[in-house]
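One structure is given below, encoded as structure tokens.
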Amino acid sequence: MTEQLQQIDRQVVQWLRQIKCDLPTMLADMDLQTKTSRFDLVTNVDKAIEQSFEQLLMSHFPAYQLYGEEAHHNTAKLRVGYTWVLDPIDGTANLVKQQDDYCIILALFHDGEPVLSYIYDCPREKLFQAIKGQGVYLNGEVVPPPPTMPLADSIISFNNKVLNDETMHDLLDASFGYRLIGACGLDSAKVFTGQFGMHIHTNAKPWDIGAQFLFAEMLGLKMTNFQQEPIDFIHGGPFIISNPGCYEETLAILLQNGGYQK
Ligand code: NAP
Ligand code: CA
Ligand code: CA
């Protein structure tokens, strides 16, 4: 299995290198559309990256399934055999408004278990890579599990539009500080490296969190819903990825004093 995964990994890394070369042209020709509201954005870059990955699969892995945000929503057989989960651009609002802080999130599942994962921070050219049975890397350097951090010493991250005010202030009071990048993959990657203690998304789509399963498993992080239960990779939903040192306290605060829903 490990040798096969290494082969697939090499193809993916090569594909990401090609995307890196093609991105400047894609960005120069960027065209913006809205989906369900003025905040729900998609660009031709999101669509082109998903199409490019689909072409890679057709050429090299024709039996592999694709579950992607823009055009691949068939969930019938995703737990059987090999399934890729792809968010072609995570942080589209950041791409459009700031030309910064966006990433590609990509994960391979075999019979429902995560085996390869990638978060590629495009502007910074930082590739987080997890290979089951082998290791976790940032641009080829080993990423160790982060040290255990209590909430009081942790920077925490969540969307402040979606938590009720009491809960939000209780979390701010109990933590060291608050930052939000605004791309679920990049906010999560800060937890991988110990820069953040935790990231919460109360309504994560499957492609927002596809890669995080394997990183969490291999780095000793907690990744669950708010009842400390596993998350189904096909459905997503309420999501916390957390350093083990601040997980219990964060969830206790999140669920007390009116809970997390506005
Ligand atoms: P944003 O900057 O557009 O996006 C922040 C992150 O949330 C990105 O990872 C983004 O992925 C994802 N996202 C964007 N729209 C989403 C949606 N409708 N549901 C779930 N995830 C979404 O975020 P924003 O401007 O603060 O908010 C845009 C909308 O997303 C709002 O309706 C907001 O309530 C909702 N949202 C909810 C949460 C939550 O924790 N419940 C978190 C973020 C955003 P893409 O770039 O791939 O779309
Ligand atoms: Ca996303
Ligand atoms: Ca997206």
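Observations on the model:
- The requirement of being touching a helix residue (DSSP H, G or I) at 6+ places or on another chain (Cβ under 7 Å) and hydroxyl-bearing (Ser, Thr, Tyr) is not satisfied by residue 154.
- Test for residue 107: is it open to solvent by 70 Å² or more (accessible area, probe 1.4 Å), in contact with a helix residue (DSSP H, G or I) (Cβ under 7 Å, 6 or more places away or on another chain) and not assigned by the TED database to the domain that holds residue 236: no
- Residue 36 being assigned by the TED database to the domain that holds residue 107, over 21 Å from the mean Cα position of the chain (by Cα) and either of a type outside the set (A, V, I, L, M, F, W, C) or open to solvent by 80 Å² or more (accessible area, probe 1.4 Å) (or both): yes
- Filtered residues of the range 213-235 (kept if surrounded by fewer than 20 Cβ atoms within 10 Å (Cβ to Cβ), out of contact with any Gly (no Cβ under 7 Å at 6 or more places or on another chain) and not in a helix (DSSP H, G or I)): 220, 222, 224, 226, 227, 228, 229, 230, 232, 234, 235
- Taking each residue of the range 23-35 that is modelled with pLDDT of 85 or more and looking for partners that are open to solvent by 80 Å² or more (accessible area, probe 1.4 Å) with beta-carbon atoms closer than 8 Å, six or more apart or interchain, yields 27/99.
- Residues in the range 155-167 that are more than 12 Å from ligand 1 (Cβ to nearest atom) and either within 17 Å of residue 201 (Cα to Cα) or aromatic (Phe, Trp, Tyr) (or both): 155, 156, 164, 165, 167.
- Members of the range 236-262 that are over 17 Å from residue 187 (Cα atoms) and assigned to a loop (DSSP other than H, G, I, E, B): 245, 256, 257, 258, 259, 260, 261, 262
- Filter pass, residue 225 being out of contact with any helix residue (DSSP H, G or I) (no Cβ under 8 Å at 6 or more places or on another chain) and either within 14 Å of ligand 1 (Cβ to nearest atom) or under 13 Å from residue 246 (Cβ atoms) (or both): yes
Residue-by-condition table, conditions (1) more than 15 Å from the chain's Cα centre (by Cα); (2) within 15 Å of ligand 2 (Cβ to nearest atom); (3) in contact (Cβ under 8 Å) with a residue 40 or more places away in the chain:
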| site | (1), (2), (3) |
| --- | --- |
| 71 | yes, yes, no |
| 77 | yes, no, no |
| 81 | yes, no, no |
| 98 | yes, no, no |
| 103 | no, yes, yes |
| 123 | yes, no, no |
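- Test set (1) modelled with pLDDT of 95 or more; (2) under 15 Å from residue 205 (Cβ atoms) - residue 10 fails condition number: (2)
- Among the residues of the range 39-62, those identified as within 15 Å of ligand 1 (Cβ to nearest atom) and exposed (fewer than 12 other Cβ atoms within 10 Å of the Cβ) are 39, 40.
The values are calculated or read from the model by the stated rules, or taken from the named source; none is laboratory data. Everything quoted here is computed from the prediction, not taken from an experiment. We place every Cβ from the backbone using ideal geometry, glycine too, and count neighbours over all the protein chains shown. We work out accessible area using only protein heavy atoms, side chains counted, and drop any ligands, DNA or RNA first. Shrake-Rupley method; radii C 1.70, N 1.55, O 1.52, S 1.80 Å.
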